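What follows is a set of notes on a single structure, which appears directly below.
The values are calculated or read from the model by the stated rules, or taken from the named source; none is laboratory data. Quick caveat, the model's predicted, so the values are computed rather than measured. As a convention, Cβ positions derive from the backbone with ideal geometry for all residues, glycine included, and neighbour counts pool all protein chains shown.
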Amino acid sequence: MDPIRHLTASTFLFTRFGTSWRMCVIEHPRQGGHLAPRGHVREAQGERPQNAAVRAALEESGYLPRLLPAPLPEGYPHPGVPGPWWTVDIPVAPDGRVDALHVHTDHVFVGVVPLPYEPQGPSELPVRWVDPADLEVLDAPSESKVLGAHLFDVIGAAARQSAPAGPDGELEAELLRRMELDQEVRLTLPASRTPKSLKRWQQVDRDNRVWLEQLLSERGWPGISEVGERAAAAVWLIAQHSDAAPDFQVSCRDLLAEAVLAGEADPRHGALLQDRVRVAQDRPQVFGTQLRTDEEGELAPAPIWDPEQVDRRRLEVGLEPLAEYLEACRRTVGA
């Protein structure tokens, strides 16, 4: 007699904290220990396993994943489609749904989250992001540890949405030219600024933004492999200074976060733009990079979420401690 069988979907969810990959696990209240987010497929409602995987991940962890296609052999000419990487049968003890031994036919998906400090909703269960060392000693089923360890080895390549672009010297030169203009109008000493120079500043920012909007719509975010590190920094800088177009700035934050996932952008730039967007939205910043003048006339950070942990987060993305950053900025302003 065939066992009772339920379809389930689980998602091994990954993100980058700076340059380090981590995997999301939830603390399961009934089964105990830590698991990848998992839920039953609502077959009676016509739900597909990939929809169940996304729904369960969002409900249990608060994160909306981008599901990845399973790796294809090198040279295969067609793009992969996000789907289960594996389908496995997992024996399950009696539970609240079935009072007998039964089987979960689990569709195992792999997904990524570009912005780990920007969950899309509340989590139903306690969430933890673990690295490979954490995984080894985690209170988790052996199958989760085996798949998780394997995925840590391949997630970097799997997270890329496309193959890295080849070098584009013409685009690199144009980005560097625009970055020079951006810095030229900003480095004018405050005492030397005139209505004419301020108008030129606004015009440079507008021209750069309009140009970048067109570039992104036509070919996506230029990465380090395409334009080099300095010009990749220029892409971020134009987005960072696009405060006059907040919706565009948010879209840049998301594109830059994907580039960081792919190893095509500097995590520090992602942190700076994320803080810029949050402060513009009147939300506490994550990394303490955005400064204001306080009541005493001194530079101080805009409000920070969980300030006790800010230096840990800054270290993750390659930023110096907040006190050192503040001291350097104050010296610059006072020069």
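Summary of values
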read-out	value
Leading residue by the ranking (modelled with the lowest pLDDT) among those in region 28-39 that are surrounded by 15 or more Cβ atoms within 10 Å (Cβ to Cβ) and more than 22 Å from the chain's Cα centre (by Cα)	His28
Where a residue in region 288-314 is closer than 15 Å to Phe17 by Cβ and its partner, wherever it lies, is part of a helix (DSSP H, G or I) and among the aliphatic types (A, V, I, L, M), with Cβ under 7 Å and at least six apart	Val310/Leu322; Asp311/Leu322; Arg314/Leu322
Test result for Asp168, modelled with pLDDT under 90 and surrounded by 13 or more Cβ atoms within 10 Å (Cβ to Cβ)	yes
Candidates Ala259, Ala265 - the one that is out of contact with any Leu (no Cβ under 6 Å at 6 or more places or on another chain) and either of a type outside the set (S, T, N, Q) or in the same structural domain as Tyr117 (by TED's automatic domain parsing) (or both)	Ala259
Residues that are part of a loop (DSSP other than H, G, I, E, B), of a type in the set (A, V, I, L, M, F, W, C) and surrounded by 13 or more Cβ atoms within 10 Å (Cβ to Cβ), drawn from region 76-91	Trp85
Residues that are assigned to a helix (DSSP H, G or I) and either touching a Cys at 6+ places or on another chain (Cβ under 7 Å) or of a type in the set (Gly, Ala, Ser) (or both), drawn from region 280-335	Ala280, Ala323, Ala328, Gly334
Filtered residue count, region 274-306, keeping only those that are within 20 Å of Pro116 (Cα to Cα) and either surrounded by 13 or more Cβ atoms within 10 Å (Cβ to Cβ) or assigned by TED's automatic domain parsing to the domain that holds Val130 (or both)	18
Residue ID - surrounded by the most Cβ atoms within 10 Å (Cβ to Cβ), chosen from residues in region 220-245 that are closer than 20 Å to Trp201 by Cα and in contact (Cβ under 8 Å) with a residue 60 or more places away in the chain	Val235
Test: residue in region 117-132 that is over 17 Å from Leu58 (Cα atoms) and in a loop (DSSP other than H, G, I, E, B)	yes
Top-ranked residue in region 263-289 [being closer than 23 Å to Glu229 by Cβ and of a type in the set (S, T, N, Q); ranked as nearest to the chain's Cα centre (by Cα)]	Gln274
Single condition Val112 does not satisfy, out of (1) closer than 20 Å to Gly33 by Cα; (2) among the aliphatic types (A, V, I, L, M); (3) crowded, with 18+ Cβ neighbours inside 10 Å	(1)
Yes/no for Ala149 being at pLDDT below 95, in the same structural domain as Arg66 (by TED's automatic domain parsing) and either hydrophobic (A, V, I, L, M, F, W, C) or surrounded by 10 or more Cβ atoms within 10 Å (Cβ to Cβ) (or both)	no
